[in-house]
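Just so you know, all these numbers are worked out from the coordinates, no wet-lab data involved. From a predicted model like this one, the values you see are computed outputs, not experimental measurements. Heads up, the Cβs are rebuilt from the backbone with ideal geometry, glycines too, and the neighbour counts pull from every protein chain shown.
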Amino acid sequence: MACTKQKVPFSGTKEQEMELKETINQLKDTKGCLMPIMQKAQEIYGYLPIEVQTMISDETGIPLEKIYGVSTFYAQFALQPKGKYQISVCLGTACYVKGSGEIFKKLEELLGITNGECTPDGKFSLDSCRCVGACGLAPVMMINDEVYGRLTPDQIPGILAKYQ
Amino acid sequence: MENITIKINGMEVSAPKGSTILEAARLAHIEIPTLCYLKEINEIGACRMCVVEVKGAKSLVVSCVYPINEGMEVWTNTPKVLDSRRKTLQLLLSNHDRKCLSCVRSGNCELQQLCKELGVEDDGYYDGEKTPSEIDDSAAHMLRDNSKCILCRRCVAVCEKVQGIGVIGANMRGFATFIGSPFDMGLGETSCVSCGQCIAVCPTGALQEKDCTDQVLAAISDPAKHVIVQTAPSVRAALGEEFGYPIGTNTEGKMVAALRRIGFDKVFDTDFAADLTIMEEAHEFIERVKNGGVLPLITSCSPGWVKYCEHYFPDMTENLSSCKSPQQMFGAIAKSYYAEKAGIDPKDIVSVSVMPCTAKKFEIGRDNQAANGMPDVDFAMTTRELARLIRKCGIKFQNLPDEDFDTPLGLSTGAGTIFGATGGVMEAALRTAVETLTGEELENVDFTEVRGTKGIKEATYHVAGMDVKVAVASGLGNARELLNRVKSGEASYHFIEIMGCPGGCVNGGGQPQQPGWVRNTTDIRALRAKVLYDDDKADTIRKSHENPAIKELYETYLGEPGSEKAHHLLHTTYVRRKINEI
């Protein structure tokens, strides 16, 4: 079961809410409206926390569970916000055999979060990804647009410190 | 309608155009095993038990969703088909908790039955990692154990499509898929109304009520306790199914005998309290009509419906009758009037109910259901739990004599008996309300317009110079449709009866589970309801206000219907809830 507990408090604004409600009003009477509404909601908020999914449920009458089911089925939907610094660790074949699993574990340990989550201060989010096209540098991770290659777990604290 | 001819196992079969292979086969009495399929509720071809070979098709096809074509040739029992079904079962078992011996559904499990029929051993051939799961016991009435879930989605379909609620669904995808509620909520934190229809359709032991049979036995064995039991009308109409009797057998006499042998001090009848409910509710209806009260008055006997109203129609909670349900009225009277009469300290009374319902477990813990400073009812058991209790005590049900309920709380009328079927409360109320309003005796007490298993029924009766418009709905999807019509002004009524489960209490979430193939081919609700209507017909007293025990209760204790004392003991309050509470 993926972790859906929210560690970052919801900080949606009135403007975001107005925009979402407007979208819902435009779409809610068309068949198959749920996916486009959810996509727009994610565009507005960056992710789909319980507060946003509840708004969609209340406005459309679609049960919250149905929305949640869709949001956990498709990889395109995020239940956690992205951090200021988005870390993605490649768990593709080449990186994995070169030990990216250990890199990932180290990050989990240091940040206290797991795949798909964000630290409570909103600073770091952690995701696994599949191949960034730099297999020669395996194991590889990215922090925003910065690529780090040939990593070992003991390098991780130093790299994170640069962003503190 | 146009018919199509196909061949199944070499036999020519003619079936209406648009039928599925499964339906066509059934017409020819060729059974194809199913697991996830529930007619008109869950037709999703997910489990692949019903695969068959079709001439010219590249692979096996799923017969529950595959439509027939002219000239089609189908084989349902080839080695290839049976092999595929066996493999499906083995794969299901590989992710299944197989502690069958201690499973509540052992002997009545559709997965177990299919394994037996197809010769699939518990050999763990495909065993490996299992999807992690925890038991969800957050709801007042039930448990979900996903280690026994086969992801057939019958529960999801009945919750969303039949009841219109949708608090459970499939979360995640692939191997991680599980049935649950949103955002790690337990069922108890959602707007689940405790109807238990999900349990009734579950093919395995993944869903079950919270069992209180051991607590009841402990109370019985405590010499300081006076343990009394009440049984709802629908229990007698279905309990027999647990002991091999055909659906629609009345086992009232044996049920009473069994309860006595289990050791209950008194065996009473909820039908008595149903008569009492009618006295109070008919009085409330007449008062509201005469004094311009909130109309339509809507019945409040079904705790699943009441909670649904609170969540989904919170602005209509004032329409709900303030009357407690018969279960709760019984409990309140047992711990006051009966205790006084029998000279027992109400603190020593343990009040147990047997109900066709799981929402009754939620109801006993509601606010304002403890008229005497203690819970009106201490334990609410389902029909299934009673069957379990009977077996646990080693009682051979079939061999029991027929016995009668104890007095005075065991005396009832035909009106109280029909409470278990959709339309029954309305009919019982009309029998009393019409006689009260006109002051004349009814020539015919049968209000047949409100009978039958149709989801929504309407009728108008001319009573004392007034057209009384009534409506009856059962199943919460139907209730929603009816109430939306009322809210939009499209329809207007004086009196509405709503029962949470489709067909009423006879088809309640606490009733014996019938396998999918029986549910798909038999009108279980109608057969069980017939037991109650036959019972009513045979009754010498068929109007609640003519029940001698009820008359005595009012004369010697309560005074008039709606009196202060009656209000204190027999009426309750409701709360407004939200659908999504975060």
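When we measure straight from the Cα of A:Lys21, which aspartates and glutamates land under 14 angstrom away, once same-chain ones fewer than 8 places off are left out?
A:Asp29, A:Glu43, A:Glu51, A:Asp58, A:Glu59
Describe numerically, in nm with one decimal, the distance between label points set 7 Å from Cα along Cα→Cβ at B:Glu31 and at B:Thr448.
Modelled inter-label distance: 3.5 nm.
Helix-only mean residue ellipticity at 222 nm, chain B, DSSP H runs n ≥ 4 weighted -39,500 (n - 2.57), per residue, nearest 500. What is it? Present the calculation step by step, with values, prior to reporting the outcome.
On the way: 21 runs with 188 residues, N = 582.
Helices in chain B give a 222 nm mean residue ellipticity of -9000 deg cm²/dmol.
Quick one: which of B:Lys307/B:Lys335; B:Lys307/B:Lys454; B:Lys335/B:Lys565; B:Lys225/B:Lys347 span more than 20 angstrom between C-alpha atoms? Present the calculation step by step, with values, prior to reporting the outcome.
Numbers: B:Lys307/B:Lys335 25 Å; B:Lys307/B:Lys454 23 Å; B:Lys335/B:Lys565 14 Å; B:Lys225/B:Lys347 9 Å.
Pairs exceeding 20 Å: B:Lys307/B:Lys335; B:Lys307/B:Lys454.
Compute, for the stretch A:85-161, the length of the dipole vector about the Cα centre, with Cβ point charges of +1 (Lys, Arg) and -1 (Asp, Glu) only. Units Debye, rounded to 20.
260 debye
Using alpha-carbon pairs under 8 Å, 6+ residues apart, how would you state the relative contact order of the stretch B:93-209 in percent?
Normalised by residue count, the contact order of the stretch B:93-209 is 31 percent.
Can you grab the distance from the C-alpha centre of the stretch B:435-455 to the C-alpha centre of the stretch B:530-548, Å, no decimals?
Each part's Cα centre sits 13 Å from the other's.
Stokes-Einstein D for the stretch A:14-73 at 25 °C, 0.890 mPa s, Kirkwood Rh over Cα pairs, in µm²/s?
Answer, rounded: 219 µm²/s.
As I understand it, the dipole of chain B uses +1 on the Cβ of Lys and Arg and -1 on the Cβ of Asp and Glu, about the Cα centre. Which of B:Gln208, B:Met426, B:Trp75 lies farthest toward its positive end?
The Cα lying farthest towards the positive end belongs to B:Trp75.
For B:Lys341 and B:Thr573, calculate 0.36 nm times their separation in residues minus their Cα-Cα distance, and state this gained length in nm to one decimal.
Full extension from B:Lys341 to B:Thr573 adds 80.7 nm.
Highest mean first, what order results for A:107-117, A:24-34, B:280-290 on Cβ atoms within 10 Å?
B:280-290, A:107-117, A:24-34
Calculate the tail of P(r) for the stretch B:93-209: the fraction of all Cα-Cα distances greater than 26 Å, expressed in %.
Above the 26 Å cut-off, the stretch B:93-209 has 19 percent of its Cα pairs.
Equivalent-ellipsoid semi-axes (√(5λ), Cα gyration tensor) for the stretch B:330-413, whole Å, largest first?
Sorted largest first and rounded, they come to 25, 18, 11 Å.
If you average 1/r over all unlike Cα pairs in the stretch A:1-136 and invert the result, what Kirkwood radius do you get in angstrom?
After inverting the pairwise mean of 1/r, the radius is 16.3 Å.
Using Cα atoms only, what is the angle between the long axis of helix B:79-94 and the major principal axis of chain B, expressed in degrees (0 to 90) to the nearest 10?
Once rounded, one gets 60 degrees.
Sort out for me the Cα centre separation of the stretch B:1-34 from the stretch B:75-138, rounded to whole Å.
28 Å
Treating only the Cβ of Lys, Arg, Asp and Glu as charged (+1, +1, -1, -1), what charge dipole size does chain B show about its Cα centre? Round to the nearest 20 debye.
1760 debye
Summarise the partner chain shielding of B:568-581 as one whole number: the mean count of Cβ atoms from other chains within 10 Å of each residue's Cβ.
That works out to 1 on average.
B:Thr78 versus A:Asp145, label points 7 Å from Cα toward the beta carbon: distance in nm?
Rounded to a tenth, the inter-label distance reads 6.0 nm.
Would you compute the Debye intensity of the stretch B:3-77 from its alpha-carbon atoms alone, equal scatterers and no solvent, and pass along log10 I(q)/I(0) at q = 0.15, 0.18, 0.27 Å⁻¹ to two decimals?
Relative scattering, expressed as log10 I(q)/I(0), comes to -0.42, -0.61, -1.38.
If you wrap the stretch A:85-161's Cα atoms in a convex hull and average its projection over all directions, what's the area in nm²?
Spelled out: convex hull of the Cα atoms, projected over all directions, averaged, 4.4 nm².
Give me P(r) over the stretch B:474-582, computed from all C-alpha to C-alpha distances, binned every 5 Å, as integer percentages.
Spelled out per bin, shortest first, that is 2, 8, 10, 12, 14, 17, 17, 12, 5, 2, 0.
What is the Cα coordinate range of chain B on the first, second and third principal axes, sorted by size from largest, in whole angstrom?
For chain B, the Cα spread along each principal axis is 77, 57, 52 Å.
Assign unit charges at the C-beta atoms only (+1 for Lys and Arg, -1 for Asp and Glu), then state the dipole size of the protein assembly as shown relative to its Cα centre in Debye, rounded to the nearest 20.
The dipole of the protein assembly as shown has a size of about 2340 debye.
Provide a whole-number value for the mean count of partner chain Cβ atoms within 10 Å of the Cβ atoms in peptide B:177-187.
What the average comes to for B:177-187 is 5.
Among the trypsin sites (Lys or Arg not before Pro) in the stretch B:103-187, which ones are in a DSSP loop with at most 14 other Cβ atoms within 10 Å of the Cβ? Mind listing them?
B:Lys130, B:Arg173
Over all Cα pairs of the protein assembly as shown, how is the pair count split among 20 Å bins, expressed in % and running from 0 up to the last occupied bin?
All Cα pairs, binned at 20 Å, distribute as 15, 42, 32, 10, 1 percent.
Say we join alpha carbon atoms closer than 10 Å with springs in a Gaussian network model of chain A; which of A:Tyr74, A:Tyr148, A:Tyr45 then has the biggest fluctuation?
Top of the fluctuation ranking is A:Tyr74.
So what's the Cα pair-distance distribution over the stretch B:284-432, bin width 5 Å, in %?
So the P(r) values, bin by bin, are 2, 8, 14, 17, 19, 18, 11, 6, 3, 1, 0, 0.
Enumerate the calculated ³J(HN,Hα) couplings along the stretch B:39-52 in order (Karplus 6.51 cos²θ - 1.76 cosθ + 1.60, θ = phi - 60°), each rounded to whole Hz, writing x wherever the residue is Gly or Pro.
So the Karplus estimates, Gly and Pro as x, are 3, 6, 10, 9, 10, 10, x, 8, 8, 6, 6, 8, 4, 9 Hz.
How long is the gain from B:Glu458 to B:Asp184 if the chain were fully straight, where each residue apart is worth 0.36 nm and the alpha carbon distance is subtracted?
Result: 94.5 nm gained on full extension.
For A:Lys98, go through the aspartates and glutamates and keep the ones whose alpha-carbon is under 15 Å away, minus same-chain ones fewer than eight residues off.
A:Asp154
What relative contact order, as a whole-number percentage, does chain B give when Cα pairs under 8 Å and 6 or more residues apart are counted? Don't jump to the answer; show the numbers that get you there.
Numbers: 1186 pairs, mean separation 93.1, N = 582.
For chain B, the relative contact order is 16 percent.
Using a 10 Å cut-off on Cβ to Cβ distances, tally the other chain neighbours for every residue of A:69-79 and report the average as a whole number.
Whole-number average of other-chain Cβ neighbours for A:69-79 is 3.
Which distance in Å, rounded to a whole number, links the C-alpha centroids of the stretch A:95-159 and the stretch B:217-248?
Measuring centre to centre over Cα atoms gives 61 Å.
May I ask which residue of A:Ser11, B:His141, B:Gly196 lies farthest towards the positive end of the charge dipole of the protein assembly as shown, with charges of +1 (Lys, Arg) and -1 (Asp, Glu) on Cβ and the Cα centre as origin?
Result: A:Ser11.
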